[in-house]
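Scroll down for the structure; my scribbles are underneath it.
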Amino acid sequence: MPAPFVKLFEEVSIEDVAEVGGKNASLGELIGELVYNGIDVPGGYIVTASAYQYFLSQTSLDLFIKNTLSNLDTNNLEQLSEKAKQIREKIVKANFPNDLKQAIEKAHQDAERRYGKLADFAVRSSATAEDLPDASFAGEHETFLNISGVDNILVATKKAMASLFTDRAISYRVDKGFDHLKISLSVGIQKMVRSDLSCSGIMFTLDTETGFKDLVVINGSWGLGEMIVQGKVTPDEFLVFKPTLNKPRHKSLFKKDYYQPIIEKKIGKKDHKMVYGDSTGTKVIDTSQQEKQQFVLTDAEILKLATWATIIEKHYSEKHRKWTPMDMEWAKDGKSGKLYIVQARPETVHSVRDYTKVITYQRSENGKVITKGASVGNKISSGKARIIMDVKNISNFKKGEVLVTDMTDPNWEPVMKLASAIITDKGGRTSHAAIVSRELGIACVVGTENSTQKVKTGMDLTVDTTGSEGIVFEGKLNFKIEEHDIKKIPQTKIKIMLNIATPDTAFEKSFLPNKGVGLAREEFIIASNIGIHPMALVNFNSLPAELKGKIDKKTLGYKNKTQFYVDKLASGIAKISAAFYPNPVIVRFSDFKTNEYRSLLGGSLYEPVEENPMIGFRGASRYYNPQFIQAFILEIEAIKKVRNVFGLTNTCTMIPFCRTVDEGKMVLEIMERFGLSRKKDKSLKVFMMCEIPANVILADDFLDIFDGMSIGSNDLSQLTLGIDRDGNEKIKSISNENDKAVKELIKTVIKKCRQRGKYIGICGQAPSDYEDFAMFLVKSGIESISLNPDTVIKTTLRIFQQEQALI
């Protein structure tokens, strides 16, 4: 019996990829298996791969395609474009055989009885080699939205079939080694979700940049989702931490109170949206001012989508018998208010990655910064710039050049694979340029807004995407690449921890061998993610009008300005704690000096000018001072949110620069009073920095009130030796952390903490900088050493050798 030309989605599963393609098989799987879990998926019907093959054979299109593509050189872009166009036009002009046409017409009449006369549908292509774990590409084949009426469905179906022979699709099959005529295309006709009246987006069950497994990443924008993929908007972005999602805050059987681990909410640049056209198809219009300033999803909707994502990932992982991260599309119906999953497919970049290998890139020099944007790819590349603003000019591009353009779409793929790096003015981390660059392993900077104005064709460029911010430098800068096999890094008796300052690098750094974070600094979060003096937010209503205007721009969407501070600080801390969960993450409360606080917006209103800020108004002395206590309370609120709302109870706290025991008691009393209570929460730990000689001399007294100490070797050396660590060149060379006096203090405090059964670690640079200092710490019995990420592997190997030598 011949295979049917048409099937309903609920009649297929992921076992049917050969007949209905990856996308359609996956939709069938969702509808057949997961709607019972409360996941809503719009239905429809499928024109099968058998129907496609029948169409080609009955019209002799298969012979025409074979002859046209014989001796094709995909590197000859003009020839590729001409032959692809010939095939597409031939397919669209051909008539469906009568029996196939009648089968589609009947299926559509049934669909209209189900959804209403002239109901609107999306016509989506689904190739039999697309969306497999090792074969996927963003937008290889076409989708047609808002199609109604059987005649329009027939035309859109042929156009979808013809899209198997776009330039990019032909080129992709050649690269993957697929036979053009052995790949078939099935077409899904799926009921539209009226997201044109609401919002839609993309969702992944991992961090798309690093492959970090414990996140759901949700992107969303107003209107139909094509705007995100095309890179025409920078979407809102939400990060949800999977391990505490739907985990109860309390162990009570009766009280349903769950963590809400939305650890980051970032508003996008949503200036446009795609909506239904006046009669059929779509059009792009401007968004309203309110839409630009408003998140597309509520917290409840974010958590619902994230829950669905984890259910879908679990289902597919069980089906494939291995971890299968998922790439999904979602939509919200503006009429019903309901959320839907409209696509789900295995993610194809990190799912096949070897996580035991860590590759690091490091620049050995700086250069002139030309532009910055969102970072994609976590690497460094260089090459000559080539600006191309129109896809018709891609034949000018030479292999190894840096592609600079406004934005890309799937038609750019033949040239993207030749680029050493890609830079775009528009788009976010889930735009077409970002998705393709990830698969190709290319450094990419998206959303620069000005790269096509700042860069000139022929310029030598270095593109650095190793941080959260992608940076484009003028000139070819020197950099080094190292690969490490984590399986071969030995375990040390001493706990090796990391120092982390920038939250956006935490997910990547979590793959290094570590036992947690010994020092998570708040200062970078405050300076970069907030940029405003906390007291200016506390006193916002009484500020000068000009300053209020500047703060309003930075706090877009926040009427409550102090909540902005709490949310941004909590988010930064949470990303670090999530990256290393469940290992401990020790967060040091803010330790800006007065000159550093003055540099923040509004800082000059609140900070004195000090001759020597290093030993001035800093650390614990600020927290109880009437001029700063309200700012410290905001830091307490941020930690409470991280632990009590997000469920990141691996987050510990640390008090810096605590001069006296009485200061420590006052700070702890404030923490207790404002809800960060060790009496009520036995898992909460509060450590102190040991960086003043008084901390060592009165170690027992300090340990009576704190849970342990972390040695700040830089400040301790400065204050022991009377040397300004900010760099007085005349006295800088006198001594350093290796000085006998400094070592004596460190040895003493290690012994004290060990005797008291309290935590003792070190978070200064000395163990990385001086080999003999690391040996000294090993011999002294320190519990943990916290290192900067770039020194972790070499220092771990050295410490292991030193430990072995002592056996």
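The values are calculated or read from the model by the stated rules, or taken from the named source; none is laboratory data. This structure is a prediction, so every number in the text was calculated from the model and none was measured. Glycine gets a Cβ as well: all are built from the backbone with ideal geometry, and neighbour counts include every protein chain shown. Ligands, DNA and RNA are excluded from the accessible area calculation, which covers all protein heavy atoms including side chains. Shrake-Rupley method; radii C 1.70, N 1.55, O 1.52, S 1.80 Å.
State the percentage of accessible surface on segment 589-731 attributable to carbon and sulfur atoms; use a 1.4 Å probe and exclude ligands, DNA and RNA. It would help to have the intermediate numbers written out before the result.
Working: 2920 of 5640 Å².
Heavy-atom surface of segment 589-731 belonging to carbon and sulfur, 1.4 Å probe: 52 percent.
Under 5 Å between amide hydrogens, built in the peptide plane, is the criterion, and for MET459 it picks out ALA385 among residues at least 5 positions away or on other chains. Summarising the amide proton neighbourhood of ILE370: residues at separation of 5 or more, or on other chains, whose placed amide H is nearer than 5 Å comprise VAL472, PHE473, GLU474. Rounded, prolate or oblate: which one fits segment 146-204, using the alpha carbon gyration tensor with axes a ≥ b ≥ c (rounded when a/c is under 1.5, else prolate when a/b beats b/c, else oblate)? Oblate is the answer for segment 146-204, as a/c is 1.5 or above yet b/c matches or exceeds a/b. Computed with a 1.4 Å probe over protein heavy atoms only, the accessible surface of the chain comes to 41 Å² per residue. Dividing the convex hull volume of the alpha carbon atoms of segment 1-138 by its residue count gives 157 Å³ per residue. A crude spin-label estimate for the pair SER60 and LEU605, with each label 7 Å from Cα along the Cβ direction, gives 8.2 nm. Peptides 629-635, 109-115 ranked from most to least packed, by the mean per-residue count of other Cβ atoms within 10 Å: 629-635, 109-115. Secondary structure note: in the chain, about 65% of the DSSP beta bridges are antiparallel. Tally Lys/Arg at +1 and Asp/Glu at -1 over every other residue whose Cβ is under 11 Å from the Cβ of VAL404; what's the total? Every neighbour counted, the sum reads +1.
Beyond 32 Å in Cα-Cα separation lie the following of the pairs LYS242/LYS743; LYS242/LYS426; LYS256/LYS758; LYS593/LYS641; LYS488/LYS740; LYS66/LYS273: LYS242/LYS743; LYS256/LYS758; LYS488/LYS740; LYS66/LYS273. Specify which residue in the list ASN736, SER784, THR748 is farthest towards the positive end of the charge dipole of segment 707-807, using unit charges on the beta carbon of Lys, Arg (+1) and Asp, Glu (-1), about the Cα centre. Of the options given, the answer is THR748. Each peptide in 490-502, 546-558, 571-583 gets a packing score, the mean of other Cβ atoms within 10 Å over its residues, and the list from highest to lowest is 571-583, 490-502, 546-558.
Couplings for segment 364-372, taken from phi via the Karplus curve 6.51 cos²θ - 1.76 cosθ + 1.60 with θ = phi - 60°, read 9, 7, 9, x, 6, 7, 8, 7, 9 Hz in order; Gly and Pro are left as x.
For LEU245, no residue 5 or more places off, or on another chain, has a built amide H under 5 Å of its own. With labels modelled as points extended 7 Å from the Cα through the Cβ direction, what inter-label distance (nm, one decimal) is found for VAL352 paired with LEU556? Label at VAL352, label at LEU556, 3.8 nm between them.
Considering only alpha-carbon pairs that sit under 8 angstrom and 6 or more positions apart, the relative contact order computed for the chain is 9 percent. Dividing the summed helix terms, -39500 (n - 2.57) for each DSSP H run of n ≥ 4, by the number of residues in the chain produces a 222 nm estimate of -10000 deg cm²/dmol to the nearest 500. Excluding MET161 itself, what net charge comes from residues whose Cβ is under 10 Å from its Cβ, given Lys and Arg +1 and Asp and Glu -1? Result for the neighbourhood of MET161: +2. For segment 328-431, GluC sites (Glu not before Pro) meeting the loop criterion (DSSP other than H, G, I, E, B) and having at most 15 other Cβ atoms within 10 Å: GLU365.
A dipole drawn for the chain from +1 and -1 charges on Cβ atoms has a positive end, and of LEU601, LEU118, SER279 the residue lying farthest that way is LEU601.
A protection proxy built from the mean count of other Cβ atoms within 10 Å ranks the segments 239-246, 280-287, most packed first, as 239-246, 280-287.
Let me know the shape class of segment 325-373, please: from the alpha-carbon gyration tensor, a ≥ b ≥ c as square roots of the eigenvalues, rounded when a/c is under 1.5, otherwise prolate if a/b is greater than b/c, or oblate. Don't skip to the answer; put the middle values down first.
Values: a/c = 6.07, a/b = 1.75, b/c = 3.46.
It is oblate, given that a/c is not under 1.5 and a/b is not larger than b/c.
Here the spin labels are modelled as points 7 Å beyond Cα on the Cα-Cβ line, and at ASN788 and ASP769 they lie 0.9 nm apart.
Using only the Cα atoms of segment 291-336, build the gyration tensor, take square roots of its eigenvalues as a ≥ b ≥ c, and label the shape rounded, prolate or oblate: rounded if a/c is under 1.5, else prolate if a/b is larger than b/c, else oblate. Write out the running numbers ahead of the final one.
Details: a/c = 2.97, a/b = 2.68, b/c = 1.11.
It is prolate, given that a/c is not under 1.5 and a/b is the larger ratio.
Per-residue extension of 0.36 nm, minus the Cα-Cα distance of ILE734 and SER683, leaves a gain of 14.0 nm for this segment.
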